[in-house]
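Read through the structure below, which is laid out as structure tokens, and then see the notes.
The values are calculated or read from the model by the stated rules, or taken from the named source; none is laboratory data. These numbers come from a predicted model, not from an experiment. Cβ sites come from the backbone with ideal geometry, for glycine too, and all protein chains shown count toward neighbours.
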Amino acid sequence: MTFHQFAYRNVIRNIRIYAAFFMASFFSVFVFFIYSMLLFHPKIENGYLGNVPIFWMVIAEIILVVFSWFFIFYSMKAFLEARAKEFAILLHLGMDRQQLSRLVFLETMMIGAMSIILGILFGYSFSKFFFMIVREILLLDDLPLYFSFEPFLLTIAVYLSAFILVSLISVYFAPERRIIDLLYGPKTQEVSTLYTKRKAILGIVLIILGYVLSLLTTRTTMILFSICIPVLITVGTYFFFMDTIQYIVDRVKSRKNVYWKKSRMLSIAEQSITFKKNGKMFFVMAMVTTLAFLSIGLLATLSSYTSQYDKLNPLGLIYKGHIDNPLELRHISSLVAELEEQGLSYHLTRFTVLKQTSSFTNYEVEVFRESDINSLLFSYGYPMVRLSKGEGMFIPYSEESIKQLSNRTVHTVLLENKVPITIDQVYPEIIFPSSIISLNSIVISDEDFALLDRPYMGYPEEEPGYHLYTFDIPQWVEAADIGYKIQQVVAAESSKVEYSKEKYPLPYYFENAGLNYSFLLATYSLFTVVGLLVAAVFLLAAGSFIYFKIHTNLEVERKKFDVLRRMGISNKELKSLVTKHLMPQFFLPLGVALLHSLFAFFALQSILKNFANVSIAKEVVFSFLFLTIIELIYFMLIRWRYIAYVRE
């Protein structure tokens, strides 16, 4: 029998030992390949449906590659640890270290080649179904299956190089151990349960500080806190798993009425050693699970905003310009002509909005005429506004503002023209997008509006008012191309102002809800596709880290439970001990990840309230429940296999 035949038969005859490493590698190849099929799809060759640059898809692909390599490297380490006894026997029989390294390399390449071939075959078979899902998400007419060499060559190159490098690194950089240590495995290795009390307390303090900062996050502190919070949480979580848990377990051990009760001593003592020995692994698992939760939660957030977009942006087209804007007539005529050319029905309303100074606040207030507002409300199908002389009504800018202004009464005078107004009501629906009107906008009667003949006191430094044209378009999604040239000019000038902080140079502003929605939908779709794949890899990795560690120590654990069975432990008590042994390893990192993600979304919710007034509570709760159920199913499967093995 040749050396290559020996390596081949070694893989075939020990399929149970190799199965965990093979499945981890297979799934990584599978996910990477179907994503590559999407990346190289002919419909996306000029950017993500022409809206989102392909650059971001490449970045996502790189993230998948880096994490997949790390995942394979960790799987390889666990795979080698599980075979320590086999390596000891081979070395004892006369195999030298160089031959052992060659054997591991050949076996790794065999498993890697099989995982690459099967991962690509299953990935291509699944691609049609995957494209059907993506087609529904992107609202495409068709996203056909195609054949191209690029996804195949990219996947083979990435993972073949990964298996070569990982196998070489794992073999040549692994510390040399005595044959006796390899033969007896982890049993002979001393594990210190010492900890630093200062680090144990610091871990809790840093995590709590990160949580407090996330609750205090606002629009102004968002950038600074987004840098500080991840650092605090990461360092705090590391100390938590390396020192804090040992401190807590030590405190429990000191309470004999708790520690000595029934079989609790066995499980607590075992957890103390397990968490100290594998603290870094549990830290990685908690952070990876947090990333998975954040990926799914962000998708839920985008989904919530996308579903509420039409309510937050009720108008299809909005054109806003200075009163003396020389391009107004040309632009409006162009927009009307484009709408009629495409056969889209619309309702056009022209507003003359005047600025005045309120005596109640001494600040600027934007004043709308009752008849103009009613013209727009008629197209919406909303109730009309009925105001008498001297009466006013607040125009809401968000759902929250409707609640805040509903019980408020303001007696003010429009100072430039000495017009007294009493405002004691707010319109119960959102009329304009919040980005278009001032936060301080009111409607007054036509009779009072006619009295506003003196301009705003800030004139001529500031515009005394503006003209607003609103196009209520029932099929506004189909109007994405209307006014595209105007939109390009506005976007270009807006970016210049954003970077240079200069005054906005254009005498007009234009917004197309359909075009904005197409960008939003494309971005959401990109994050949906990428996020689901990344979250799937993260979740599998998080559970697999535990599985690989358990699989490595199965032989030792079986001997421990065999001793307990000889001492008279029943099957029921055996299952209880196994559950107590496995549950903290699975659900403590999961619980930490849930807390981290929960406070992250508290911060995100407070930011969204300022930008779009969108609530994401339902979506986040649903996401967390869904992911927790997946982890629970995974735990039950591994517990079942674990019990079956230790009872053999």
Single unsatisfied condition, residue 438 versus (1) at pLDDT 85 or above; (2) farther than 19 Å from residue 516 by Cα: (1)
message: Quick check on segment 97-107. Is at least one of its residues modelled with pLDDT under 70 and part of a helix (DSSP H, G or I)?
response: yes
field: Residues located in segment 226-240, provided they are modelled with pLDDT under 85 and either exposed (fewer than 13 other Cβ atoms within 10 Å of the Cβ) or over 24 Å from the mean Cα position of the chain (by Cα) (or both)
entry: 227
message: Just to be sure before I move on: is residue 422 buried (at least 18 other Cβ atoms within 10 Å of the Cβ), more than 27 Å from residue 321 (Cα to Cα) and either over 41 Å from the mean Cα position of the chain (by Cα) or among the β-branched types (Val, Ile, Thr) (or both) in the structure I sent?
response: no
field: So residue 622, is it surrounded by fewer than 15 Cβ atoms within 10 Å (Cβ to Cβ), modelled with pLDDT of 70 or more and not charged (D, E, K, R)
entry: yes
query: If residue 395 satisfies every condition in (1) modelled with pLDDT of 90 or more; (2) over 26 Å from residue 475 (Cα atoms) but one, which is the exception?
result: (2)
- prompt: Pick from segment 181-225 the residues that are at pLDDT below 70 and of a type in the set (D, E, K, R): which of them is surrounded by the most Cβ atoms within 10 Å (Cβ to Cβ)?
  reply: 181
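Kindly establish whether residue 114 is modelled with pLDDT under 85, in a helix (DSSP H, G or I) and assigned by TED's automatic domain parsing to the domain that holds residue 40.
no
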Test result for residue 478, farther than 18 Å from residue 320 by Cα and not hydrophobic (A, V, I, L, M, F, W, C): yes
